[in-house]
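Let me begin by presenting the structure, written as structure tokens, before commenting on it.
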Amino acid sequence: MYAEVVFPLPFRNSFTYSIPLDYEDIIQQGTRVVVPFGKRILSGFVTGLKKEVDIKNQIRDIIDIIDDTPVFDDISLKFYEWLANYYLCSLGEALRNSIPPGLEVESKRQIIADTDFCSKLYIEEENKDCIKAKILQFFSLKEKANISFLQKAVNKKNIYSTLKNLEKLGAIEIQDSIADVKVKAKKVKFVELADSLDRTYGIIAEIEKKSPKQVIILLELLSRKNKSVKLSDLLEKTNSSMTSINSLESKNLVRVFDKEVERIHVELYKEEATNFELTNQQAEVVNTVSKSIDKNEFIPYLLYGVTGSGKTHVYIELAKKALSLNKTVLILVPEISLTPQIMTRFINTFKNKVTLIHSRMSMGERYDSWRGVINGKYKVVIGPRSAIFAPLKNIGLIVVDEEHDASYKQNDLTPKFNARDSAVIKAQIYNCPIILGSATPSVESMHNALTNKYKLLTLPERVDSAQMPIIRLIDIIEAKKIKQMENNFSKVLIEEIKNRVEKKEGVIILQNRRGFSTQLFCEDCGEIEVCPDCSANLVHHLDKNILRCHYCGFSKPVPRFCSKCGSIHLKFFGTGTQRIEDELSYYLPNYKIERVDSDSIDTKGKFGTIMNSFRNGEIDILVGTQIVSKGLDFSNVTLVGVISAETTLWIPDFRADERTFQLLTQVSGRAGRSKAEGEVLIQTQNPNNFTLQKVVTNDYKGFYEREIKMRELNHYPPFAKLALIETKAEDENQARTAANQFYDILRKKATPLMINNPIPAGIPKIKKNYRFHILIKSPKSIDPAAKLLRNTIMDAYSEYNQKAQYKDVRIIIDIDPHTIM
């Protein structure tokens, strides 16, 4: 027999391997295998089995089988095939997402050096700047290194030919070894009685005088009525040592054994379970979607419900319906920060049927959660975009909460998928309904609903008789003229914060910028401190008194003088969350203020702890980035303040107005979610801006109607599909030349696609790599499924690779980019 195997590498085809006789009865489609691949050993995915092949003499054998049970089945394979086809990646790259991190098996290449010989060759080398000299210098000081570490040390990736030449000289030796998986099932030692209760009771009298500690251990085990106990707990409770355990084991009175235990991620955020009664509007939504669950019917629903309308309650009721039919449920949320509240509410309802999957869980926790889903222990999975790959079977309902959020788009890794759009396809494959919920639906989703591609459901009112908050704009240009500003705060906002806090009401302040100041500026020469590896200003972080790049992580101490002219007249500009927190502490010294951004909640459980304290009134004011705008449901919050409405409005991107409307509407929705009246104060330099006016009146319809006209006029989604081609290289000229070459190939295809000229990316340089962009628009009127767009790009990509002038240039293809920056 033979197996078709794909690898998590950018190869579009599968590879055939022979199945040894010992494995023929246990290998299955969907399992992972360890196989030779060139000179390497890799783990791959079995996508098919067959009995005959055309060429047999060149086929290599499978080395090992990793999985006892398949990690994907025929149905989920269809989903991964669609993912690979639509987002233009290999099937193996798509399937890589089907397993949690830490399960990869591959060979590791390590270099062993003769340091004395390398030192001698380095001295003899005339050109000390060549790559050979750099490698020799490295190994004259270090005996061992893996290739990736060496590549970073010499700052060059293409070093293989040099290494082979050095190996021929005898200066180094390249060794291959197979690295085992990084995560396995956790096993802990347990203890139980090894004999009958009667004999154990009988032996106690015999050993009581000589071994009282052993008697204490036996009595503790007897009290547990034949149940095993964790060894560490037993030793702690009985204040005993392993010597006593070993002695009892030698007498065949106890048995020590390894037992597998599950690592369960525990959210520190807690809420009391509450009984709720659905409103008529909620009940109507539940009844409508329930019919689709009953019928195993794929219908995409757009649930447009204002903030505080009880969308989570609807999700819970529909999950009950799916579970009652022995089906499973997938709940997607845009960010990890949203999981504590929604997770707690689902756990309160469904107990141990719920699990969480996200990147802040430990590797072991994610592995055990994944295995629990495969084994059918967990019926409800909650998580951000990576949870779309949870190995659920018999899915009865998929929910995408806050469907408009940009966090559903994968920007860094391949495939660059959108979890919301992928979830719609997954629901179609599994024949189940999907709910896309939002108070500010994306323009594309609302267009789909209004053109009957989706079915529109609405929740136009808040629950519990709560009213929408009053929203006011504060003109900070005018406020400065009449001296009504205190640094970044208008006096009106300061006074309102004081009033609310004195009433023991919660306050949320939004400033969608991290750090203290967003730039350090020289008043004499105009120089701004910029990251040496990126085209981005360094941001001042006051807590560590450093300048940090938010793109690559580079940091350095705050300089005393200008790096260009030597002037000491340096000035900080721009405002981040740290400065807002600092100013609030000055104006309101007697109140508890907590900052919530990716810098402050980087430790496990920190966000849940902060949320607990805020709900309990131990924190008066939350200051945060867009994290505080999403999904937080606290009845005590009556005031929301926005420091600057322009942080997203001025970004040169076609979605800037939409993102601003969504962000401000969402954060406004945190206020007044109970009987107490809510108020929102938004500071702005342009109060007459159309988008801001629509936020004030909560006029989603008016905003949508204007935005959709602009999209149609300029050929943007939903009227066209977009693709962004990025060339990336450390050499600026190489990146630019590659972009021009790719563009020329695209133009020769003579398709009706709209292909923009190559231009530097909005942020031209990130992590030492220069970036150039080619934006392609494919009108839906001529290419409704974007098949022409994808085929044209792949044809051009194939032709480019045959003519590529530079090997160090990376070509990155992004279908449906969420930003063109």
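Side notes on the structure shown:
- Within the range 313-336, being touching a strand residue (DSSP E or B) at 6+ places or on another chain (Cβ under 8 Å) and polar (S, T, N, Q) holds for one residue alone: Thr328.
- Residues satisfying the stated conditions in the range 256-269, i.e. of a type in the set (Lys, Arg) and either loosely packed, with under 15 Cβ neighbours inside 10 Å or closer than 23 Å to Asp195 by Cα (or both): Lys259
- Selection of first residues in the range 593-611 that are closer than 20 Å to Glu271 by Cα and hydroxyl-bearing (Ser, Thr, Tyr) and of second residues that are modelled with pLDDT under 85 and open to solvent by 50 Å² or more (accessible area, probe 1.4 Å), restricted to Cβ pairs under 6 Å at least 6 apart or on distinct chains, gives the following pairs, ordered by first then second residue: Thr609/Leu268.
- Test: residue in the range 168-177 that is farther than 30 Å from Ile245 by Cβ and hydroxyl-bearing (Ser, Thr, Tyr): yes
- Residue count, the range 754-789 (criterion: of a type in the set (S, T, N, Q), open to solvent by less than 40 Å² (accessible area, probe 1.4 Å) and within 18 Å of Asn740 (Cα to Cα)): 1
- All of Thr727, Thr684 fail the test of being in contact with a Leu (Cβ under 9 Å, 6 or more places away or on another chain) and farther than 22 Å from His404 by Cα, apart from Thr684.
- Residue ID - nearest to Ala785 (Cα to Cα), chosen from residues in the range 84-106 that are among the small types (Gly, Ala, Ser) and crowded, with 17+ Cβ neighbours inside 10 Å: Ala84
- Within the range 344-383, restricting attention to residues that are of a type in the set (A, V, I, L, M, F, W, C) and part of a helix (DSSP H, G or I), the residue that is most open to solvent (accessible area, probe 1.4 Å) is Met363.
- Selected residue [of a type in the set (Gly, Ala, Ser) and part of a loop (DSSP other than H, G, I, E, B)] from Gly92, Gly30, Gly48: Gly30
- Tally, over the range 271-283, of residues that are assigned to a helix (DSSP H, G or I) and surrounded by 15 or more Cβ atoms within 10 Å (Cβ to Cβ): 2
- Every residue from the range 284-312 that is closer than 30 Å to Ile470 by Cβ, at pLDDT 95 or above, open to solvent by 20 Å² or more (accessible area, probe 1.4 Å) and touching a helix residue (DSSP H, G or I) at 6+ places or on another chain (Cβ under 9 Å): Tyr304
- Residues of the range 221-255 classified as free of Cβ contacts under 8 Å to residues at least 40 places away in the same chain, open to solvent by less than 80 Å² (accessible area, probe 1.4 Å) and more than 15 Å from Ala194 (Cβ to Cβ), total: 7
- Elements of type helices (runs of 4 or more DSSP H) in the range 576-695, at least 3 residues being at pLDDT 85 or above and charged (D, E, K, R): 577-587, 656-668
- Counting the residues of the range 1-37 that are open to solvent by less than 60 Å² (accessible area, probe 1.4 Å), of a type outside the set (Asp, Glu) and farther than 25 Å from Leu413 by Cα gives 11.
- Arg670 being open to solvent by less than 10 Å² (accessible area, probe 1.4 Å), more than 18 Å from Ser438 (Cα to Cα) and within 29 Å of the chain's Cα centre (by Cα): no
- Qualifying residue in the range 553-561 (condition: surrounded by fewer than 15 Cβ atoms within 10 Å (Cβ to Cβ), modelled with pLDDT of 90 or more and touching a Cys at 6+ places or on another chain (Cβ under 8 Å)): yes
- Test for Leu413: is it modelled with pLDDT under 95 and among the aliphatic types (A, V, I, L, M): yes
- Within the range 403-418, residues that are under 16 Å from Leu95 (Cα atoms) sit with their Cβ atoms under 7 Å from residues that are crowded, with 20+ Cβ neighbours inside 10 Å and of a type in the set (D, E, K, R), at 6+ positions apart or across chains, in these pairs: Gln410/Arg385; Gln410/Lys416; Thr414/Glu93; Pro415/Glu93; Lys416/Asp814.
- Whichever residue in the range 403-419 is among the acidic types (Asp, Glu) and within 17 Å of Asn448 (Cβ to Cβ) and, among such residues, is most open to solvent (accessible area, probe 1.4 Å): Asp405
The values are calculated or read from the model by the stated rules, or taken from the named source; none is laboratory data. All values derive from a computational prediction rather than experimental measurement. Counting neighbours? That spans all protein chains shown, and the Cβs are built from the backbone with ideal geometry, glycine included. Areas reflect the complete protein model, heavy atoms only, side chains present, ligands, DNA and RNA absent. Shrake-Rupley method; radii C 1.70, N 1.55, O 1.52, S 1.80 Å.
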